[in-house]
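Heads up, the thing below is written out as structure tokens.
Here, each number is a calculation from the coordinates, and none is a lab measurement. The shown structure was predicted, so the numbers you read here are calculated from the model rather than taken from an experiment. Methodologically, a virtual Cβ is constructed for each residue, glycine included, from the backbone with ideal geometry; neighbour enumeration extends over all protein chains shown.
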Amino acid sequence: MGRIRVLSPDMVSFISAGEVIDGPWSVVKELIENSLDAAATHIDVEIKGGGIDSIVVSDNGHGMAHDDMPLCTRGHSTSKVRNREDLDTIATYGFRGEALASIAAVADLHIVTRAADEEIGSKLVSRVGETPNISSASRPNGTTVGVTDLFARIPARKKQLGTPKTEGQRVVDVVMRHAMPRFDVGFRLIKDGEVILDCPPEQSPRDRAAATWGAEVAPHLAEVHFTKDSITIKGFLARPLVTRGTRAREYFSIHNRPVEDMRLSTAVESAYSTLLMRGRYPVCVLDISLDPMRVDVNVHPTKREVRIKDAEEVASAVRESVRRVLLEPQPSTFGQAPEDTLAEPSLEPFLMEEETEKPGVLSSSADRHPTTAAFSLLEGVSLEGVTGETGDDIVRVPALGGTFRIVGQVHNLYVVLEFQNGLLIIDQHAAHERVMYERLRRQVNSGALPVQELLEPIVLRLQHTDAENVLELADVLEKMGYSISGFGGNEILVKTIPDVLGHQVSETEVISIVDEILGIGADHASEHFMDEIVKITACHSAIRAGQPLSKDEIRNLLVAMANTPNRYSCPHGRPTILRVSTQELEKRFGRIGH
Ligand code: ADP
Ligand code: MG
């Protein structure tokens, strides 16, 4: 006798529920997506006990017709696709018609809905294992779906759930992941009676970010809008002052559908590269749109993963889109969050309005100002308005906002200055890197980059392919001050280097420069490539972290900064100066009220 049997519809939905419903967060995800598909402009989510006890999602979308009620909780029943072709251009979140059926298979479910074009609404009450009961009900148009006692009759699944606290946290996360990219839609999340999130519809992206990610993130947001071929990347990222210890704030969506994809995370993280400390992750929300024919959303039951044709190209576009934004000089409003919105008031990037010179207050002693050997690179720099004698602690730098007393250096990394309203802390390497970067760029642009002929050319022994690759770049490198030639086999001769690198550049240093240049890996004729080389050169010619500085050298650094555009961030977008106000110190030490 044959042994194969066709499973009952109940068994089928129970089995597929195992794939679709992981826990409260996935119920919430499916219900939010249904509401978005119903063109809701406001979605309310309320959970109790981490969503294990109950979940209620209400929307003001187009609702369901009375006739649809018996079908909505049946497996593979959907209003969103009809045929194969529809799948290729799917614009809705749902299409498998499995969510409500899956939920009904593992929890008690009630739905109250009214279609916009019907006078009377409907109500469906479904208990696990029983036929749903359908009746009439009244409601403004829209839908409310309530889910109670998730997995109550499936002890094995229930055991796998986390505590209400962790499950609740996952729900918060999934709501934020949907709310962040859809700032056109209002979202409210109530957790055990407490309003966790309350975002009005049509919110500005910045306000939405403040509401979801926290007020401290909003001032550091930068917009991403990038198109390459048929790929468009849009969204926001936080400049690297704001990072997280996990990937929990890396949000990606493809055609607005939230997805998780390590390739996208890797692309973004590599764009931040050295801007992130080890173990820190960026904060971003990026939506990718591309030719719908290149995306297959039908590969995962919860549609969390999608298959992309030529995913590498998409990843590299994402990388470039982020990179570009991080390279932009920061707008001057950066960091000017109203103080009371800062969750943890602390060091702010220094962005004081530049003080206008008050003539006669202190006379300029520019011509008496010494340039020391350590900073022979100050040529071309105007010393106007800078005062202070050699050995003086006091230095007046109007461009940085006034008169400072040089307190000294900390850990050979930071320069500390005192001024009337507090302290400035300067990252000596980052600040000088910006100085060198701007200077080099000027020199490269004007075609007058001073180079230094090496007395003894440096011979580099590279991997064979590396040697070939470097030689291919000889023309570009020449423009950037590095003239190189082949020396047979894997060897390369470096004959000149940009003058700014100084006289004692070692072979190891040149090798590491070459390594970094090879690592840029972009289109070699591009602006971007040249810019990267300028950055690499700037980095290697800047004062090192760890280098002790005399007061004169500190003064010279300040002078150089005063003459440098974009001085408040290094070429990678990190801040160069932090300010701690006297008020902040007083607050911290309890000298004034909180
Ligand atoms: P899918 O979303 O894949 O179509 P679901 O099981 O999530 O499958 O939902 C089944 C159907 O129920 C949907 O196709 C839609 O017609 C209807 N529906 C579900 N939720 C809502 C809602 N909030 N508003 C309007 N219609 C809904
Ligand atoms: Mg759905």
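Cβ-Cβ distance of ARG153 and THR232, R₀ of 51 Å, FRET efficiency by 1/(1 + (r/R0)^6): the value works out to about 0.65.
Going from the fewest other Cβ atoms within 10 Å to the most, the residues ASP10, ASP229, ASP37 appear in the order ASP229, ASP10, ASP37. Model label points for SER506 and ASN421, set 7 angstrom from Cα along the Cα-to-Cβ axis, are 4.4 nm apart. Remark: the VAL6-ALA545 segment gains 187.0 nm on full extension, using 0.36 nm per residue and subtracting the alpha carbon distance.
Taking 0.36 nm per residue of separation and subtracting the Cα-Cα distance, what length does fully extending GLU527 through ARG74 add?
Length difference between fully extended and current span is 157.4 nm.
The relative contact order of the range 42-132 comes to 25 percent, based on Cα pairs under 8 Å that sit 6 or more residues apart.
Of the peptides 306-312, 56-62, the ranking by mean beta-carbon count within 10 Å, highest at the top, reads 56-62, 306-312.
For LYS165, the lysines whose Cα falls under 28 Å of its own Cα, not counting residues fewer than eight places away in the same chain, are LYS29, LYS48, LYS191, LYS303. Semi-axes of the equivalent ellipsoid of the range 164-315 are 24, 19, 16 Å, computed as sqrt(5λ) over the eigenvalues of the C-alpha gyration tensor in descending order. The simple spin-label model puts a point 7 Å past each Cα toward its Cβ; for MET262 and ALA215 those points are separated by 3.9 nm. Evaluating 6.51 cos²θ - 1.76 cosθ + 1.60 at θ = phi - 60° for every residue in the range 532-542, the Karplus couplings come out as 4, 5, 4, 5, 4, 4, 4, 4, 6, 9, 7 Hz, glycine and proline recorded as x. Applying 0.36 nm per residue to the separation of SER273 and ASN445 and subtracting their alpha-carbon distance, the gain on full extension is 59.3 nm. The ratio of the alpha-carbon radius of gyration of the range 40-159 to the globular-protein estimate 2.2 N^0.38 Å is 1.09. Averaging the Cα positions of each part gives two centres, and for the range 420-441 and the range 218-260 these lie 28 Å apart. In this calculation the C-beta distance from ASP207 to ILE394 is compared with R0 = 56 Å, giving a FRET efficiency of 0.80. Cβ-Cβ distance of ASP53 and ARG280, R₀ of 25 Å, FRET efficiency by 1/(1 + (r/R0)^6): the value works out to about 0.10. Each label point was placed 7 Å from the Cα along the Cα-to-Cβ direction; for VAL195 and ARG405 their separation is 4.9 nm.
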